[in-house]
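Peer 1: One structure coming up, written as structure tokens, with questions to follow.
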Amino acid sequence: MSAPGGDETGGITVGPLEFADAHACAALERLLFAGESPWPAAAFAEELRAPHTRFFAARRSSPQHPRPWLVGYAGIALLGGAEPESEVHTIAVDPKVQGRGVGRRLLALLLAEADAHGGPVFLDVRTDNAPAIALYRSEGFENVGLRPRYYQPSGADAYVMCRAAGAGAGEKKENAR
Ligand SMILES: CC(C)(COP(=O)(O)OP(=O)(O)OC[C@H]1O[C@@H](n2cnc3c(N)ncnc32)[C@H](O)[C@@H]1OP(=O)(O)O)[C@@H](O)C(=O)NCCC(=O)NCCS
């Protein structure tokens, strides 16, 4: 059964990211993106205030700690006017719960927003980030470019990946049967 306001699987629910999560997001950023100018709490607050962004959280709770705590977040910008497109701004999962489907659930929420908005979806990913690249490919993204030394201060290269407009339509049809 789903928890109020979220989809629940194995003690982890997904739902909207709140302003009160900004400091927990920044702490996960420091852990996961140490070499790439991790966003401070103020950056998350700014993203949440922007009218064209959509952000989601994954929260965990347990019988011992019934008050949920943040274990992941993801955000997307819905851009363009007559020719809409979207851009994944961030997705991150606490290493303690990686590999349990949380990243895929967060990405699915972003893609549902992007599909409702229309147009292609773009993102940047480190060329050596095999887990993220595998996730994106499995959701219909393809490499469309390379940005040398895109990430700073690490100097790591990025692939630009794109999921074509309507790429989720087949999956939706399958589910609708
Ligand atoms: C990328 C990330 C968000 C994935 O989240 P996750 O919850 O661990 O991923 P999931 O359990 O939902 O796995 C989804 C898919 O990702 C891929 N994947 C996940 N972990 C993987 C690993 N260690 N190696 C290879 N592929 C992996 C697989 O395709 C997997 O699908 P499968 O389980 O059907 O094989 C997570 O690893 C993370 O937070 N990494 C650090 C931050 C980051 O790099 N963010 C992306 C920036 S572009």
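Peer 1: Towards the positive end of the charge dipole of the range 59-129, with charges on Cβ (+1 Lys, Arg; -1 Asp, Glu), say which of Ala112, Val88, Gly99 has the farthest Cα.
Peer 2: Gly99
Peer 1: Related question: Counting DSSP beta bridges in the chain, what percent are antiparallel, to the nearest 5?
Peer 2: Within the chain, antiparallel bridges account for around 95 percent of the total.
Peer 1: Now for a separate question. Relative contact order for the chain: what is it in percent, counting Cα pairs under 8 Å that are at least 6 residues apart?
Peer 2: Across the chain, relative contact order equals 16 percent.
Peer 1: Summarise the accessible area of the chain (1.4 Å probe, protein heavy atoms) by the percent that is carbon and sulfur.
Peer 2: Its accessible area is 54 percent carbon and sulfur atoms.
Peer 1: What value, in deg cm²/dmol to 500, does the helix sum -39500 (n - 2.57) over DSSP H runs of n ≥ 4 give at 222 nm once divided by the residues of the chain?
Peer 2: The helix-only estimate for the chain comes to -9000 deg cm²/dmol at 222 nm.
Peer 1: Can you give the local net charge around Glu113? Use residues other than it whose beta-carbon is closer than 12 angstrom to its beta-carbon, Lys and Arg +1, Asp and Glu -1.
Peer 2: Surrounding charge for Glu113 is -1.
Peer 1: May I pose another question? Please compute P(r) over all alpha-carbon pairs of the range 7-176, binned at 5 Å starting from zero, and give each bin as a whole-number percent.
Peer 2: All Cα pairs considered, the percentages come to 1, 8, 17, 20, 22, 18, 9, 4, 1, 0, 0.
The values are calculated or read from the model by the stated rules, or taken from the named source; none is laboratory data. Worth saying up front: this structure is predicted, and the values here are computed from it rather than measured. All Cβ positions, even for glycine, are placed from backbone atoms using ideal geometry, and neighbour counts span all protein chains on display. With ligands, DNA and RNA removed, areas are computed over all heavy atoms of the protein, side chains included. Shrake-Rupley method; radii C 1.70, N 1.55, O 1.52, S 1.80 Å.
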